[in-house]
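Quick note: the coordinates plus some simple rules give every number you see, no bench work behind them. Fair warning: this is a prediction, and the values are worked out from it, not measured in the lab. Here the Cβ positions follow ideal geometry from the backbone for every residue, glycine too, while neighbour counts run over all protein chains shown.
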Amino acid sequence: DEGLIYRGKRLVNWDPVLHTALSDLEVISSEENGSMWYINYPVADENGQATDEFITVATTRPETLLGDTAVATHPENEKTKHLIGKQVILPLCDRTIPVVGDEYADPEKGTGCVKITPAHDFNDYEVGKRHDLPMINIFTIDACINDQAPEVYRGLARYQARKQIVADLEQQGYLVKVDDHKLMVPRGDRSGTVIEPYLTNQWYVKAEPLAKPAIEAVESGKIRFVPDNWKNTYYSWMRDIQDWCISRQLWWGHRIPAWYDDAGNIYVAHSETEAREKYQLADSVILRQEDDVLDTWFSSALWPFSTLGWPENTEALNTWYPTNVLVTGFDIIFFWVARMIMMGLKFMDNVPFHEVYVHGLVRDAEGQKMSKSKGNVLDPLDIIDGISLDDLLAKRTRNMMQPHLAEKIAKQTKKHYPKGIPAYGTDALRFTFASLASTGRDIRFDLNRIEGNRNFCNKLWNAARFVLMQTDGKDVGLKDEAVSLSFADRWIISQLQIVERDVVEHIEHYRFDLAAKALYEFTWNEYCDWYLELTKPILNDDTRSAEEKRGTRRTLVRVLESLLRLLHPLMPFITEEIWQSVKALSGQSGDTLMLQAYPQADDSKVDAVATQAMTWVKSFVIGIRKIRSEMDIKPSKKLAILLQNWTAQDQQYLTQTEAFIHTLAKVENITWLNNDDETPESATALVGDMKILIPLAGLIDKTAESARLHKEIEKLNKSLQSLNGRLKNPKFVEKAPEHLVNQVKQQATDQQAALAQLEAQLVKIKAM
């Protein structure tokens, strides 16, 4: 009724198999091998007869010359500008067409002249509009030649027509030459067929009046894109917006509310009854409703308010419109996001959301976009529950629009999933996506990542089992009895405050990847690998006081409970299951974890003293473990330790934490040496300036260890030689997928570092 929607004849992406117009999003273009045909068009004299002069045009689609209505040359092209305004004879057709001057014709490209087929090329369509050229549609809806063409070609499929036309051009002397040529070929994402630019009657929305307020909404800050750079993509589309084709020739969708009478008049209304009343039509007038349906994106653009009861003024609409955040992918910023903004401002006089969080696109392990036609789609349910190879093959190859690709898809599937896909569980999948969700970055989805996060789930589960073993049925200080906290207790409580602060900050800024990373590192590296081990010297020591044991048990369970609340949005199922077992022990109540308050950091619990002490302990233990690893000393072997170049602070730390050192580093005894004391042949590590010395007498067999290192070095050298050989091969570097080349480079770097370490160890052994 406002004149924003109209029916017009314009060029669209036409699928000749599905018989429907497609949006640009539904068209996938890829480079393919083709040909470039060079054709002479004779210049005509005033009587329309051929002269000796020719214009040579180059085309990748010779069959469309049947619909040519002009030849274009650049108005400043010195070689051909004298022909502007003249007529040329269209080969194989009994008609002439004009030569027009247009900047679209690039003098540096091809012959500098281009054939103009406004009904079958989007660029030519624009040229045709500028010069008011006729638009001749030469195809049927099946992409066969119609009756607008010479009779000899009628009924031929487009590629049959191409063969015949090229043969006729050659036979009649119009064909100059044919060159090999690479070109971008557009195909429908469902049918896989080559898309035809096709002139047809469709329904359109005048987009510019809707786009202007939508642009202003982002410019004014009413809507913010995260990351901010995506607003530039939004602007580039919106500031160059074209009228929107909203009709589709499909069997499903919202049917367009328009009716036709036998004379072709159009009546638009909510229903046929309303149409008859609105236009005062007699009952004898037969009406037929439009068969076309609305573009999916038109219906989707109404989603923010149509789902809430609009056009009725419902309570839900007033409560939930506008919403705070839209989470979406960059590939539909224009197709969905922009159109929701336009529709929201038009019908609700308000933006539909205030922030647009743009996440990356999930691609396969090789960086390819997932699509059914490529056979590389991963169903999340198959990752969660697992699927056999046979079932996966059947799933990927049945009901295909392009069955000829089935063999190729089966081969790729067997290569990537030779044993099918094991079950990883919901939480591992969810946490993996969170850990990969760097803002705006595409995600290469690799099952190795999800396997690592399944192990993380198991780590959390086993940690909870340990905590319950140590706390269930025991005194955990529920009544706030007196407790004595160890350095380890104070340290983990302090670290918890830091991770709580960081995670909340990361989530507020949509950095779910950084939140997942912080939680992973705290859970695995600090809580599980260090703190749980640090509790054992206290809980297993009968000489420890009740206050000390109570303090450690309370810390164990309360830190775990806080950790479960932190992890819950990223791992909802396992955290809920564990929380139900620990909530009472931690002093919490409630039916479900999802309704608990999200943890907030308490800066008063950040303990710098305990953190410094535990940093010292960790350095001490890591130093000893590194020596064990380098010298191949058994982990169970208890060691005598000598300390030299120490300070009073070192002595204080050791006094306060000696139990931790003895347990975690498997130390038998520790001896303090003066700086000038003689030392035996030892392996050395540093904690600050203090030397940790491990006498090697009786610990290793020098000859056997040298032989072992020589063998490892030889093995690594062979592997490195192979990797470097691949990297020096130009065919591998240029033709292999980029991620595979990078993987080999990283392997070479890692192995070079390992080799250097082994060689350094060998030098140490020989120096003994």
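Of note:
- Phi angles of the stretch 59-68 translate, via the Karplus equation with coefficients 6.51, -1.76, 1.60 and θ = phi - 60°, into HN-Hα couplings of 8, 9, 9, x, 5, 7, 4, 4, x, 4 Hz per residue; Gly and Pro are given as x.
- Alpha carbon Rg of the stretch 543-689, scaled by the compact-globule rule 2.2 N^0.38 Å: 1.41
- Calculated SAXS-style log₁₀ I(q)/I(0) at q = 0.14, 0.20, 0.24, 0.29 Å⁻¹ - the stretch 703-767, Debye, Cα scatterers: -0.49, -0.76, -0.93, -1.17
- Once backbone amide H atoms are built at 1.01 Å from N, residue 224 has 355, 356 as its partners under 5 Å, excluding neighbours fewer than 5 places away on the same chain.
- Calculated FRET efficiency for the pair residue 412/residue 183, C-beta based, R₀ 41 Å, to 0.05: 0.95
- Solvent-free Debye scattering, log10 I(q)/I(0), computed from the Cα coordinates of the stretch 403-494 at q = 0.18, 0.19, 0.25 Å⁻¹: -1.00, -1.04, -1.23
- Here's the picture: charge each Lys and Arg Cβ at +1 and each Asp and Glu Cβ at -1 in the chain, and of 146, 69, 765 the one pushed furthest to the positive end of that dipole is 765.
- The relative contact order of the chain comes to 8 percent, based on Cα pairs under 8 Å that sit 6 or more residues apart.
- Placing dummy labels 7 Å off each Cα toward the beta-carbon, the span from residue 288 to residue 106 is 4.6 nm.
- Rounded to the nearest 20 debye, the dipole size of the stretch 703-767 about its Cα centre is 180 debye, using +1 on the Cβ of Lys and Arg and -1 on the Cβ of Asp and Glu.
- Amide H contacts under 5 Å for residue 420, placed H, 5+ residues apart: 389
- Per-residue Cβ neighbour counts within 10 Å put 689, 52 in the sequence 52, 689, beginning with the fewest.
- Kirkwood estimate for the stretch 42-133, i.e. one over the average of 1/r between Cα atoms, Å: 13.0 Å
- Degrees, to the nearest 10: 406-416 long Cα axis against longest axis of the chain: 20 degrees
- Burial ordering of 113, 528, 457, fewest other beta-carbon atoms within 10 Å first: 528, 457, 113
- Here the Karplus curve 6.51 cos²θ - 1.76 cosθ + 1.60, taken at θ = phi - 60°, turns the phi angles of the stretch 270-275 into couplings of 6, 8, 5, 4, 5, 4 Hz, with x standing for Gly and Pro.
- Shown here for the stretch 97-169: trypsin sites (Lys or Arg not before Pro) in loop regions (DSSP other than H, G, I, E, B) with at most 12 other Cβ atoms within 10 Å, namely 109.
- Simple rule: put +1 on each Lys or Arg Cβ and -1 on each Asp or Glu Cβ in the chain, find the dipole, and look at 574, 214, 33; the Cα lying farthest toward the positive end is 574.
- 0 to 90° range, to nearest 10: angle between helix 546-567 axis and the chain longest Cα axis: 0 degrees
- Between the amide H of residue 20 and those of 15, distances stay under 5 Å, these residues lying 5 or more places away or on another chain, with hydrogens modeled in the peptide plane.
- Aspartates and glutamates whose Cα lies under 16 Å from that of residue 222, excluding same-chain neighbours fewer than 8 positions away: 349, 355
- The stretch 352-427: GluC sites (Glu not before Pro) in DSSP coil with no more than 15 other Cβ atoms inside 10 Å: 366
- Isotropic mean projected area of the C-alpha convex hull, the chain (nm²): 48.9 nm²
- Length, then width, then depth: along the principal axes, the Cα atoms of the stretch 611-695 run 31, 30, 19 Å.
- Relative to the longest principal axis of the Cα atoms of the chain, the long axis of helix 208-219 makes an angle of roughly 20 degrees.
- Charge dipole (debye, nearest 20) of the stretch 1-112; +1 at Cβ of Lys and Arg, -1 at Cβ of Asp and Glu: 260 debye
- Under 13 Å from the residue 647 label point (7 Å along Cα→beta-carbon), backbone N, the stretch 584-624: 613, 616
- Seen through its C-alpha gyration tensor, with square-root eigenvalues sorted a ≥ b ≥ c, the stretch 552-604 comes out oblate because a/c lies at 1.5 or above while a/b is not bigger than b/c.
- Simple rule: put +1 on each Lys or Arg Cβ and -1 on each Asp or Glu Cβ in the chain, find the dipole, and look at 3, 112, 642; the Cα lying farthest toward the positive end is 642.
- For the stretch 611-768, alpha-carbon Rg over 2.2 N^0.38 Å: 1.35
- Within the chain: Cβ-based charge dipole about Cα centre, in debye rounded to nearest 20 (Lys, Arg +1; Asp, Glu -1): 2640 debye
- As an equivalent ellipsoid, the stretch 295-370 spans semi-axes of 28, 12, 10 angstrom, where each value is the square root of five times an eigenvalue of the C-alpha gyration tensor, largest first.
- Classification of the stretch 122-182 by its C-alpha gyration tensor yields an oblate form. The axis ratio a/c (a ≥ b ≥ c) is 1.5 or more, and b/c is at least a/b.
- Shown for 499, 205, 358: other C-beta atoms within 10 Å of each C-beta, ranked fewest to most, produce the order 205, 499, 358.
- Computed from the C-beta positions of residue 363 and residue 2, the FRET efficiency with R₀ = 41 Å rounds to 0.45.
- With only the Cα atoms considered, the stretch 363-423 has a convex hull volume of 78 Å³ per residue.
- Applying 0.36 nm per residue to the separation of residue 17 and residue 50 and subtracting their alpha-carbon distance, the gain on full extension is 7.9 nm.
- Stretchable slack from residue 423 to residue 629, in nm (0.36 nm times residue separation minus alpha-carbon distance): 70.7 nm
- Solvent-free Debye scattering, log10 I(q)/I(0), computed from the Cα coordinates of the stretch 252-401 at q = 0.19, 0.20 Å⁻¹: -1.13, -1.17
- Rounded to the nearest 0.05, the FRET efficiency derived from the C-beta distance between residue 31 and residue 752 at R0 = 30 Å is 0.20.
- With the helix formula -39500 (n - 2.57) applied to DSSP H stretches of n ≥ 4, the chain reaches a computed 222 nm mean residue ellipticity of -13000 deg cm²/dmol.
- Kirkwood radius, the stretch 468-601, all distinct C-alpha pairs, inverse of mean reciprocal distance: 15.3 Å.
- Computed over neighbours whose Cβ is under 12 Å from that of residue 733, the net charge equals +3, Lys and Arg +1, Asp and Glu -1.
- Model label points for residue 584 and residue 600, set 7 angstrom from Cα along the Cα-to-Cβ axis, are 3.0 nm apart.
- Gyration tensor verdict on the stretch 336-461 (Cα atoms; rounded if a/c is under 1.5, prolate if a/b is larger than b/c, oblate otherwise): oblate
- Taking 7 Å steps out from each Cα toward its Cβ at residue 533 and residue 354 produces label points 4.7 nm apart.
- Relative contact order of the stretch 611-695, taken over Cα pairs closer than 8 Å and 6 or more residues apart, is 42 percent.
- Gain in span if fully extended, residue 313 to residue 760, counting 0.36 nm per residue against the direct Cα distance: 153.2 nm
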